Structure formats: C-alpha cells, structure tokens
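Chemist: This is the structure I have questions about; it appears just below.
Each value in this text was obtained by applying a stated rule to the coordinates, not by laboratory testing. Only a predicted model underlies this, so the values are computations on that prediction, with no experimental measurement involved. Cβ placement follows ideal geometry from the backbone for every residue including glycine, while neighbour counts extend to all protein chains displayed.
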Number of protein chains: 2
Amino acid sequence: MQDNSGSDTIGDSLLFLTDDQLLQGIELMFFAYRGFTSDPDKILSNHTYGRAHHRAIHFVNRHPGITVNALLDILGVTKQSLNRVLRQLIKDNLIDSRVGKSDRRERNLFLTADGTALERQLSEAQRSRMRTAYKAAGPNAVQGFRRVLENIIDPNMQSYVKKLISG
Amino acid sequence: MQDNSGSDTIGDSLLFLTDDQLLQGIELMFFAYRGFTSDPDKILSNHTYGRAHHRAIHFVNRHPGITVNALLDILGVTKQSLNRVLRQLIKDNLIDSRVGKSDRRERNLFLTADGTALERQLSEAQRSRMRTAYKAAGPNAVQGFRRVLENIIDPNMQSYVKKLISG
DNA sequence: TTGGAAAGTCAACAATACTGACGTAAATTG
DNA sequence: CAATTTACGTCAGTATTGTTGACTTTCCAA
C-alpha cells in the first residue's frame, strides 16, 4: 500500500510478500498459538501440571518407548528441565520408565493407563479445535497451512518433520 | 474412545480431517511456533529481555498511543505481569508513557527512537523467516495458512483479527 | 461529594527455563 | 583390562513470565 520497503515488486505478483502481509502472518501466529494451547491449558490447570507436562505426554504417546535423549532432542530443552517434569509424571504413575533392553543406560518411556487417559483428554480438546478450523477452512487451505508451517520450522527439526509427514 | 472417533468418512472426501492429520497439524504448530520465536529470542537474550518484552514492543509499535488497558486485552495477561515488563522498558527508555489527554488516568504508550530501533531488529528477523516460508510455499498456500490460523484463534480475539486483516 | 474506574505498586508464589557441578551405571574404546 | 564416553539423574542457584491478593493514588462522572 505505502512505501513498504523492498519486499514488494512493481507488479503485484509478489503482493503476498509485503511487510504488511508478513506482519499480519506474525500476529496470526501469535493469536493462533494462544488459541491452540488454551484448551489443554485449562484442563491442566486442575492437575498441578503445565504445558511442559503436556508436551512430554504428547510425544511419549506418539513414540512409545522413546528414550530420554530422543525426547530431549524433540523438545529442545535441557535434561534438568525435562527431568523435573518426567519425575513428577513417573511418580504420579502417568509415565512408565523402563531400563533399556539392549542398552541398560537408556530409559524407555511409556504412558501408563492413567497417562493414556489424560493424553486422550488433552489431545481430544486440541484435535477438536483443529478439526473445526480445518473444516471451516477446507482441504485446500489445510494443505497450504501445512506447507507454510513446514517452511517456518528450523532446518534442524526438518528430519523429524519429514518422518512425521510421510510415516 | 472410538477407534477412529468418527472424523473420517467412508470415502476420502474428508480425509484431511482424520485424527492422524489433525495430530500432524498439532505437531507442526508446535515446531513452527518454536521456529517462529527463535530468532527474536536469540536477539533478546543479549538484552535482559524476554518474549514478553518483545510482545509489548511489537504491539506498541503496531498501535502507537495504545492505552495500557487495550494492550492488556490484546496480550491476555494480568496488569501486574504487563506492568513489570512496561516498567523496565520505560526505565530503559524504549517506551514512552504519556498521560492521556482526554482521560488523564490513561497512559498512552509510544516507542522511543531506541525502542523503534530494537523493534526493527526483532521484526526484521521474524519477517525474514516468514518471507522465506511464504516464498517457498507460494501465495496459494499462504492464503490457506492464514485461513486456517484465523479459525484456530479464539472467538474473543476475532474482532481484533478482523480489523487486522481488513485495515 | 462520593463511588468507581484506571493505573500503579508491593508481596508472595508457581511453572518453566537456564547454567554448572556432581554422581552412578553401563557401554565403548584404546 | 583400564580409561573414557555416554545416558541418566540430581542438587543448587538464577531468570523470565505468569498468577492472586491487597493496597494506594488519581481522577472522571453521577
């Protein structure tokens, strides 16, 4: 519209790349992520747990038997930070930590029945919101949504994401 | 609790709504938001500031003269939490807080020259990542990206978002 | 003039993250 | 086999961001 510095072209073939469009995308990410986390947050606030617990539960459910190190790579936090969360979840009998079979230094993490129950509850709240949004936007929009998100992700995580998409 | 929880159909016309697709979308949101915030986080770690300071700076820049109350509505935090951040930014001469003209109880917030400089730095890092992602995904995908995000956002914020999109 | 809204402050607390240091057990390497 | 590395756990200290609750000051409006 105005003197938007440099990222626009003379024509409008790249109009979606104006700084204004980018700023709108940035704010949409901010507000959407808040909506995205709000339902699980509400559920967890009755449990002494927070978002970190949710993330641990989510990825242990997605990768049963995952090692602590592999989980650390996915979550991108320090082992001390993850350990605090895991310790609680193990003590509360939501996660089962078993000594590795081939390498006894490793711990393989699994959800217990209670852990699975909480995961279902959290996941369903989040999936419900996503389902509504997907339905309202339509399959074509969903494809674009995913394509843009994949490109926002750090290259470090691309390997994980590739497996996520394909497998 | 059902095996496939009913979100799929016999055909594949709604295949994009399977629980697996929804879970993939959920993980994409998680990883993308981390990428989205990583560049500003790096910059801020040298400044004694965090993400809360970035958000305040961002929205004061977007709405020069915004009142504290209006900013609270956008950020969705308590005034005590926001006040701690604002106090630092005002003390460090990044934000200027002026007594309201029509209502002297209100404070109108503006970025100082220093604040504008930091905002440019943070914004450019974030816009750069978005620009790359948009470019890689293409305008059609960007439209879908935005449409899905808009539908993930809480209805409470939709009024703000509508103005964001149109204006 | 009095009630209430807006803003700011102080205190206490909780969740999540970080760094650094240390210990134990098990696997790997020389 | 001895030394080193790896995996995991833990303790201590600190920072950021968020919460409640209580309180004061300012000042508009009924």
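Chemist: When you look at the Cβ of every residue in B:119-132, what mean number of other chain Cβ atoms sits within 10 Å?
Modeler: Details: counts 0, 0, 0, 0, 4, 3, 0, 5, 8, 2, 6, 12, 9, 3.
Mean partner-chain Cβ count within 10 Å for B:119-132: 4.
Chemist: For helix B:79-91, what angle does its Cα long axis make with the longest principal axis of chain B, in degrees from 0 to 90 and rounded to 10?
Modeler: Roughly 50 degrees between the two axes.
Chemist: Run through the other copies and list how far each one's label point is from that of A:Ala113, in nm with one decimal, shortest first; the point sits 7 Å from Cα along Cα-Cβ.
Modeler: Copy-to-copy label distances at A:Ala113, shortest first: 7.0 nm.
Chemist: Give me the extension gain from B:Phe110 to B:Thr67: residue separation times 0.36 nm, minus the current Cα-Cα distance, reported in nm with one decimal.
Modeler: 14.5 nm
Chemist: Taking only the Cα atoms of the protein assembly as shown, how large is their convex hull per residue, in Å³? Don't skip to the answer; put the middle values down first.
Modeler: Details: hull volume 54.7 nm³, N = 334.
Cα convex hull per residue, to the nearest whole number: 164 Å³.
Chemist: Just to confirm the numbers: B:Asp73, label point 7 angstrom along the Cα-Cβ line, distances to the other copies in nm, shortest first?
Modeler: With the label placed 7 Å along Cα→Cβ, B:Asp73 yields 4.7 nm.
Chemist: Where Rh denotes the Kirkwood radius from the mean inverse Cα pair distance, what is Rg over Rh for the stretch B:14-167?
Modeler: 1.01
Chemist: What FRET efficiency would be calculated for the residue pair A:Val99, A:Ser45, taking the C-beta separation as r and a Förster radius of 41 Å, to the nearest 0.05? Mind showing how you got there, number by number?
Modeler: Working: r = 34 Å, r/R0 = 0.82.
Rounded to the nearest 0.05, the efficiency is 0.75.
Chemist: Report the label-to-label distance for B:Gln80 and B:Tyr160 in nanometres (one decimal), using points 7 Å from each Cα along the Cα→Cβ vector.
Modeler: 2.2 nm
Chemist: OK, next. Taking the label point 7 Å from Cα in the Cβ direction, how far apart in nm is A:Asp20 from each other copy of itself, listed shortest first?
Modeler: 4.3
Chemist: List, in the order given, every pair from B:Lys42/B:Lys79; A:Lys163/B:Lys163; A:Lys79/B:Lys91 whose Cα-Cα distance in the structure shown is over 29 Å.
Modeler: On the way: B:Lys42/B:Lys79 26 Å; A:Lys163/B:Lys163 38 Å; A:Lys79/B:Lys91 36 Å.
Over 29 Å apart, Cα to Cα: A:Lys163/B:Lys163; A:Lys79/B:Lys91.
Chemist: Let me ask another. So for the stretch B:60-100, what are the equivalent ellipsoid semi-axes in whole Å, largest first, each being the square root of 5 times an eigenvalue of the Cα gyration tensor?
Modeler: Details: eigenvalues 46, 36, 15 Å².
Over the Cα atoms of the stretch B:60-100, the semi-axes work out to 15, 13, 9 Å.
Chemist: While we're looking at this one, here's another question. Give me a comma-separated list of calculated 3J(HN,Hα) values for the stretch B:36-52, in order, Karplus coefficients 6.51, -1.76, 1.60 applied at θ = phi - 60°, integers in Hz, x for any Gly or Pro.
Modeler: 4, 9, 5, 5, x, 4, 4, 4, 6, 5, 8, 10, 6, 10, x, 5, 5
Chemist: Could you derive backbone 3J(HN,Hα) for the stretch B:145-153 from the dihedral phi with the Karplus parameters 6.51, -1.76 and 1.60 (θ = phi - 60°), listing whole Hz in sequence and x where the residue is Gly or Pro?
Modeler: Going residue by residue, I get 3, 5, 5, 5, 4, 4, 7, 7, 5 Hz, with x marking Gly and Pro.
Chemist: Which of B:Thr18, A:Thr48 comes first, and how do the rest follow, when ranked by fewest Cβ neighbours within 10 Å?
Modeler: Working: B:Thr18 17, A:Thr48 9.
Fewest to most other Cβ atoms nearby, the residues stand as A:Thr48, B:Thr18.
Chemist: Please arrange B:Arg131, A:Arg34 by how many other C-beta atoms lie within 10 Å of their C-beta, fewest to most.
Modeler: Taking fewest neighbouring Cβ atoms as first place, the list is A:Arg34, B:Arg131.
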